[in-house]
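Before any comments, here is the structure.
None of the figures in this text is laboratory data; all of them are computed from the coordinates on show. All of these numbers come straight from a predicted model, not from anything done at the bench. All Cβ positions, glycine included, derive from the backbone under ideal geometry; neighbour counts span all protein chains shown.
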Amino acid sequence: MKIKTAFFCQNCGYESAKWAGKCPSCEQWNTFVEEKVQKDIPLRNTSWQPEKENGKSNNIVHLSAVSAVEEDRLLTPDAELNRVLGGGIVPGSLVLVGGEPGIGKSTLFLQNALQLKDITTLYISGEESAQQVKMRADRLQVKNDHFFLLTETSTQTIFQEIKKLRPQLVIVDSIQTLQSPFIESAPGSVSQIRETTAEMQRFAKESHTPVFLIGHITKDGSIAGPKILEHMVDTVLQFEGDQHYAYRILRTIKNRFGSTAELGIYEMTGQGLRQVTNPSEILISQREDQLSGVAIAATIEGMRPMLVEVQALVTQSVYGTPQRTATGFDLRRLQLLLAVLEKRGGFHFGVKDVFLNIAGGIRVEDPSIDLAVLCALLSSYEDIPVSSKICFAGEVGLSGEIRAVNRIEQRIAEAEKLGFEKIFISRYNKKGADFGKFNIEIVPVGRVEEVYRGLF
Ligand code: TYD
Ligand code: MG
């Protein structure tokens, strides 16, 4: 039989009979790769349940006849994981966990599976040998009699083993190593990933077993292979962080069973990942003497208030073109803030090198960090420290106005809880709000100049 091939865009999964330089779907260049496909197997069944058990099929039902009682979620001992999943693991859900290699995905799920002592867990490892997993488990120092390991990549064999063991939770590490006998192309290719995920999805839905799929992320940050995966699964989590720092963030990208605004924070230690319950304390460096160029922002990441330290260094430029470097903060946003300071405040950053860093190696997306960035820049520019008892929450507009941010009370409450004495917020946040209950001093500011005068 002649083997059929097709071209797949490695970015979005678009299928084409001919090679093309540019993908018509996602408009990326040079993403087409030829893969073998097998389409004409008669009566193709999946590896999971080749024969329909008990002859039942999914017939049309009246919506009112469907019971809407939410099934009990499975609570893991890890409060951060429960939270990002929207309150525990939903039975029959398919969860994709993405992250760069080495970030700690295998550690996180091995650790969680080992801590779930009452249920039977099957950990399918296609990347590491049984010895390697065992060594890691020893390092984590948790023992569990209901934890089973399978080093296998063929979905056919995997489903045979699953039928024997009947696990209550399945973890696949990683989806890129799985191989379905119905598809000819290599593991990790778009058509393989699509097929094996579909098989896992059918298994999860029909057996009501939750399945976690671990997936690697490509350089540009998307889950390797394909966006197509993201809509096949119920929940997409992303595990991120800077490899050189110990802190890791587990973020919800999509969740059919909960909010996508959730976030879990971990610290990588010698014995696996530790949950960080009070992130603010670790993100602010403890120091006695006050240094210039440091300002604290009262941000909200996900649903949680978090105080984050912003560090700036402004120096006389030695080269013709001044340098701008930002870690954990959008570089274009930094350039914008510098332009605002230049134009509205009359500061001459044009002849200075500017370096900006968010402490702890985390990335902050919340625009309320602007005001702290601005103050850190000014503090370094003037070489005058900002008191470590002051924090900031405000977005900066193009005309130099300090704009209101959401959930201001939560931010103020967190700052007060951590012992700050003063918080600078936007004047527009003050309107109609009652801050009488706070003991912390609240300084409303409307423009960049007012901030400057209030600080120095
Ligand atoms: P790993 O879970 O293998 O990452 P991934 O599956 O995302 O590729 O974790 C990799 C790193 O974590 C590795 O560099 C070693 C480190 N690590 C610790 O620091 N402490 C530990 O207890 C464990 C198990 C791993
Ligand atoms: Mg791994």
Cα-based Rg/(2.2 N^0.38 Å) for the stretch 281-455, rounded to two decimals, is 0.97
Of the residues M268, V37, G328, the Cα lying farthest along the dipole of the chain towards its positive end, which is defined by charges on the beta carbon of Lys, Arg, Asp and Glu, belongs to V37
Relative contact order as a percentage, the stretch 281-455, C-alpha pairs under 8 Å and 6+ apart, gives 25 percent
Inter-part gap, Cα centre of the stretch 435-456 to Cα centre of the stretch 247-315, in whole angstrom, is 24 Å
Sorted by number, the cysteines in the chain with no other cysteine beta-carbon under 4.7 Å are C375, C391
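Take the alpha carbon gyration tensor of the stretch 74-157, find the square roots of its eigenvalues, order them as a ≥ b ≥ c, and report rounded if a/c is under 1.5; if not, report prolate when a/b exceeds b/c, else oblate. Each step should come with its number before you reach the end.
Numbers: a/c = 1.38, a/b = 1.27, b/c = 1.08.
Note, shape of the stretch 74-157 comes out rounded.
Mind sorting T209, T235 by how few other Cβ atoms lie within 10 Å of their own Cβ, fewest first?
On the way: T209 21, T235 25.
Going from sparsest to densest Cβ surroundings: T209, T235.
Multiply the residue separation of S317 and M135 by 0.36 nm, subtract the distance between their alpha-carbon atoms, and state the gained length in nm to one decimal. Don't skip to the answer; put the middle values down first.
Working: separation 182, 0.36 × 182 = 65.52 nm, distance 5.08 nm.
My answer for the length gained is 60.4 nm.
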At q = 0.20, 0.21 1/Å the base-10 log of I(q)/I(0) from the Debye formula over the alpha-carbon atoms of the stretch 270-351 is -1.09, -1.15
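Once every DSSP H run of n ≥ 4 in the chain is given -39500 (n - 2.57) and the sum is divided by its residues, what mean residue ellipticity at 222 nm do you get, rounded to the nearest 500 deg cm²/dmol?
Numbers: 12 runs with 118 residues, N = 456.
Computed mean residue ellipticity for the chain: -7500 deg cm²/dmol.
Have a look at the DSSP beta bridges in the stretch 281-455 and tell me what percent are antiparallel, nearest 5.
On the way: 18 of 33 bridges.
Of the beta bridges lying entirely in the stretch 281-455, close to 55 percent run antiparallel.
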Rounded to two decimals, the Rg over Rh value of the stretch 366-456 from Cα coordinates and the Kirkwood Rh reads 0.94
The pairs in K164/K205; K18/K254; K117/K163 lying past 29 Å Cα-Cα in this model are K18/K254
The chain: antiparallel bridges as % of DSSP beta bridges, rounded to 5, reads 50 percent
Going fewest to most other Cβ atoms within 10 Å around each Cβ, K417, K431 line up as K431, K417
By the mean-Cβ-within-10 Å protection proxy, highest first, 353-359, 435-441, 312-318 rank as 353-359, 312-318, 435-441
For the stretch 74-277, using Cα atoms only, the Rg and Dmax in Å read 15.6, 46
The alpha-carbon pair-distance distribution computed for the chain, with 20 angstrom bins and whole-percent values, is 22, 44, 29, 5, 0
Under the rule rounded for a/c under 1.5, else prolate if a/b exceeds b/c, else oblate, using alpha carbon gyration tensor axes a ≥ b ≥ c, the stretch 351-404 is classed as rounded
Once K431 and Q115 are pulled to full extension, the length gained, defined as 0.36 nm per residue separation minus their Cα-Cα distance, is 108.9 nm
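By counting other Cβ atoms within 10 Å of each Cβ, how are Y319, Y266, Y452 ranked from fewest to most?
On the way: Y319 7, Y266 24, Y452 17.
Ordered from fewest to most neighbouring Cβ atoms within 10 Å, Y319, Y266, Y452 come out as Y319, Y452, Y266.
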Contact order relative to length for the chain, counting C-alpha pairs under 8 Å separated by 6 or more residues, stands in percent at 12 percent
Toy charge model, Lys and Arg Cβ at +1, Asp and Glu Cβ at -1: the chain dipole around Cα centroid in debye, rounded to 20, equals 720 debye
Excluding residues fewer than 8 positions from K4 in its own chain, the aspartates and glutamates with Cα under 19 Å of it are E15, E34, E35, D40, E184, E195
Computed over the stretch 384-456, the relative contact order (Cα-Cα under 8 Å, seq sep at least six) in percent reads 34 percent
Restricting to aspartates and glutamates and to Cα separations under 20 Å from K417, and discarding same-chain partners fewer than 8 apart, the set is E281, E288, E301, E309, E409, D434, E441
Taking alpha-carbon centroids only, the stretch 164-187 lies from the stretch 373-428 a number of Å equal to 49 Å
